[in-house]
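Taking it in order: structure first as structure tokens, then the write-up.
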């Protein structure tokens, strides 16, 4: 038996060694966790008057637990009405293999959809009009790699028109200039024309391709004996609302004492009589909720498109300058009254 004792001791030692090794492995495994992923999100702000959308997006992402510089990195680019630059930015996002692209409004969203075709990079848009644009398949099932927050283009334009007619009932010629290349305009016009006809209002349509065309048209009207309009309706495009196009229209309206139905918040603050628009910050927040679902594994194309609340910003000071009487129901509808 004496000769077997060392062997038994050696065997027991080996068993004890393996038990200890297993315990260390188990406890080491319990104490360590895989590092959380750091997501890279490319943001294309395609129209700087809507920049608060990006602010709303980032703020909501923070609420949802995404801390910039820790578990999420944003690559934000602001590009106004320059398709070539937008395409370069989006191509770089694709080359960088970002985890998600957030983009607004409609035109850049369509460009993003094309740029990511054939990739698995999801796209979330805001202020996107899908009627007649091919941006999505439908609201419930947008399809492909895309979802987002819509702006109900035709309905919003018709509502702006109706509010303008309510505020200026004597207006029988309403001016509407628009970029013929901007995809959201045609569906809006198709809804607007019968609405104008029903109210016996002439829609003075001025199709353009450049801001310079707007300038030339307004100059010709100013030089004539009759400017040919009683009020102005801003269409949902990238020329009449641009930082160069809008001031031309605003100055013309100021000079000729015309009411203007705006399509962006800053227009109500800089000369429009009112603006009827989706809430920018809310649009960004709704987009963040969609982005969170995507980053957690839900395919973008399976997530229904969200619709933000529309808001009325009434420039009451401007109505007084024009000698307009604001109906009580319009005052009650206003989200914000600028005095």
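Tabulated values for the structure
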quantity: Scope the stretch 203-241; condition closer than 20 Å to residue 256 by Cα, touching a helix residue (DSSP H, G or I) at 6+ places or on another chain (Cβ under 7 Å) and not in a helix (DSSP H, G or I); matching residues; calculated: 203, 206, 227, 228, 231, 232, 233, 234, 235, 240, 241
quantity: Out of 126, 112, 196, sole residue that is in contact with a strand residue (DSSP E or B) (Cβ under 6 Å, 6 or more places away or on another chain), within 24 Å of residue 85 (Cβ to Cβ) and in a helix (DSSP H, G or I); calculated: 112
quantity: Number of the exception - residue 169 against (1) outside the structural domain of residue 295 (by TED's automatic domain parsing); (2) assigned to a loop (DSSP other than H, G, I, E, B); (3) in contact (Cβ under 8 Å) with a residue 40 or more places away in the chain; calculated: (3)
quantity: Yes/no for residue 285 being without any contact (Cβ under 8 Å) to a residue 12 or more places away in the chain, farther than 21 Å from residue 189 by Cα and within 22 Å of the chain's Cα centre (by Cα); calculated: no
quantity: Residues of the stretch 129-173 that turn out to be in contact with a strand residue (DSSP E or B) (Cβ under 7 Å, 6 or more places away or on another chain), over 26 Å from residue 39 (Cβ atoms), modelled with pLDDT of 95 or more and buried (at least 19 other Cβ atoms within 10 Å of the Cβ), as a count; calculated: 7
quantity: Elements of type helices (runs of 4 or more DSSP H) contained in the stretch 280-338, each with 3 or more residues being at pLDDT below 95; calculated: 328-333
quantity: Residue in the stretch 61-68 that is loosely packed, with under 13 Cβ neighbours inside 10 Å and part of a loop (DSSP other than H, G, I, E, B) present; calculated: yes
quantity: Subset of the stretch 219-233 [surrounded by 17 or more Cβ atoms within 10 Å (Cβ to Cβ) and free of Cβ contacts under 8 Å to residues at least 40 places away in the same chain]; calculated: 221, 227
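The values are calculated or read from the model by the stated rules, or taken from the named source; none is laboratory data. Values in this document were obtained by computation on a predicted structure and should not be read as measured data. A quick note on method: Cβ atoms are made from the backbone with ideal geometry, for glycine too, and the neighbour counts reach across all protein chains shown.
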